[in-house]
Amino acid sequence: MTESEDFVADQFFLRDGWVSAKLVMDKMLGKRESNGIYLGKNDYLLEPTAEPDERFENSISAIKTFGEAHSSLNVAVSVVPNAIYVCSDLLPANAPVADQGEIIKKIKDGLGTSVKYADTTDVLKEHSSEYIYYKSDHHWTSLGARYAFDFLAPSIGITNPVSNYGIYPVADDFSGTMAATSGATGVKDIVEIYIPEHNSEYVVEYVGENKKTATVYSSEALEKSNKYEVFLGGNHALVSIKTTAANKKNLLVIRDSYANCFAQFLTPYYNSVFLVDPRYYSDDLERLIKDNSITDVLILYNVNTFVEDNSLSAMLLDE
């Protein structure tokens, strides 16, 4: 799908030019929104919050049922707020925005005690003045994911998280999804990777794709427009990470694309990590849990994807 979208974008004559021209006209008219994207302060582009509907309620119910059925596992959930909520001071004046805090509260209340809920809202707000979200894209940066990881670590059985990382900028010209949608193609981002000190050696397998590698990073993505795909090469149904960590803990991450850059922080702590994206995964989740002796489960989404997802509940309930 990514290759198809790139082809269409390349072949549509002057597509980016028309979108950019519309943006210039919108700004001249005093508008602070373009194609559904808010034009925020400091060049930040902000995606509005999706409205919860039946899919949202179904996901909450399915997670609760899953937690109750797997009481022997350590199951944690975190639905990460987006930049529009954490960095609301960047919004244009009087821009209407849904309260993601209320959405997260409904998730926590709906899950009850069947799982742990790790609310990253406060820790991200504490660092809201830092570069924790991309300006041009809807994802968080590695720095934002690192703050969340440090907070989440106890919930997923990590008692002594690494404190030192090698931090390497690998691109300074990333123009993401919101730049393309809004026409603000001049907004560029820096992409950084974080390599934990004393990291375990590991092998990454893209299960079902006949591909293995010794890194969670994809250098090929740096030659493409979507440089966020440097993390795990983008979205995949199932990614397996087998490490040399000296323990018997095995983690299952049920996730959206926010977990792509989160994965770089997990490799020192588990014998294996399995990342499942319900949007593409069609195999038996229960068999995956049993065959790989899963001990810990993290359900990690961002608010907007969680609200709009209709595949999570189907996978958890095996529908």
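Points worth noting:
- Cross-link pairs exceeding 28 Å between alpha carbons, from the set 227/248; 211/290; 135/211; 116/188; 211/249: 227/248; 135/211; 116/188.
- Electrostatic tally near residue 165: other residues with Cβ closer than 12 Å to its Cβ, Lys and Arg +1, Asp and Glu -1, net -2.
- If R0 equals 35 Å, the separation of the Cβ atoms of residue 286 and residue 128 corresponds to a calculated FRET efficiency of about 0.30.
- Split the accessible area of the chain by element, probe 1.4 Å, and carbon with sulfur accounts for 49%.
- Summarising the amide proton neighbourhood of residue 40: residues at separation of 5 or more, or on other chains, whose placed amide H is nearer than 5 Å comprise 45, 46.
- Solvent accessible area, Å² - residue 116, 1.4 Å probe, full protein context: 90
- For residue 99, the accessible area of its heavy atoms, probed at 1.4 Å with every protein chain present, is near 80 square angstrom.
- Helix content alone sets the calculated 222 nm mean residue ellipticity of the chain: runs of n ≥ 4 DSSP H residues at -39500 (n - 2.57) each, divided across all residues, give -9000 deg cm²/dmol.
- Residue 286 accessible area, assembled protein chains, probe 1.4 Å, Å²: 90
- For the stretch 138-153, 3J(HN,Hα) per residue [Karplus equation, 6.51 cos²θ - 1.76 cosθ + 1.60, θ = phi - 60°, Hz, x = Gly/Pro]: 8, 8, 7, 7, 4, 5, x, 5, 5, 4, 5, 4, 4, 6, 6, 3
- Separation of alpha-carbon centers, the stretch 69-112 and the stretch 227-279, rounded to whole Å: 22
- Relative contact order for the chain, counting Cα pairs under 8 Å that sit 6 or more residues apart, in percent: 21
- Nearest-20 debye value, the stretch 149-277 charge dipole, Cβ charges on Lys, Arg, Asp, Glu: 400
- Restricting attention to the stretch 184-319, close to 60% of DSSP beta bridges with both partner residues there are antiparallel.
- Distance distribution note for the chain: the fraction of Cα pairs above 30 angstrom is 34%.
- Residue-count net charge about residue 189 - beta-carbon cut-off 11 Å; Lys, Arg +1, Asp, Glu -1: -2
- Residue with peak Gaussian network fluctuation, the chain [Cα springs, cutoff 10 Å], from 144, 166, 101: 166
- Three-way shape label, the stretch 24-107, alpha-carbon gyration tensor, a/c 1.5: prolate
- The stretch 76-126 - accessible surface per residue (Å², probe 1.4 Å): 43
- Between the helical axis of 54-69 and the longest alpha-carbon principal axis of the chain there is an angle of about 20 degrees.
- Under 5 Å, built H, 5+ apart or other chain: amide partners of residue 138: 177, 178
- Accessible surface, 1.4 Å probe, highest first, among residues 151, 231: 151, 231
- Mean separation of Cα contacts under 8 Å, 6 or more apart, over the residue count of the stretch 155-251: relative contact order %: 25
- Counted by Cβ distance under 11 Å from residue 40, the other residues give a net charge of -1, where Lys and Arg count +1 and Asp and Glu count -1.
- Our summary gives the stretch 67-150 a relative contact order of 35 percent, counting only alpha carbon pairs under 8 angstrom and 6 or more residues apart.
- A Cα-only calculation for the stretch 150-251 places Rg and Dmax at 16.2, 49 Å.
- Annotation: amide H of residue 297 within the under-5 Å range of 74, 75, 76, 252, sequence separation 5 or more or interchain, hydrogens built in the peptide plane.
- Computed from Cα atoms, the angle from the helix 100-111 axis to the main principal axis of the chain rounds to 20 degrees.
- Cα radius of gyration and Dmax for the stretch 196-259 (Å): 12.6, 39
- Beta bridges per DSSP with both ends in the chain, % antiparallel, nearest 5: 60
The values are calculated or read from the model by the stated rules, or taken from the named source; none is laboratory data. Everything quoted here is computed from the prediction, not taken from an experiment. Virtual Cβ from ideal backbone geometry, glycine too; neighbours counted across all protein chains shown. Heads up: the accessible areas ignore ligands, DNA and RNA and are worked out on the full protein's heavy atoms, side chains in. Shrake-Rupley method; radii C 1.70, N 1.55, O 1.52, S 1.80 Å.
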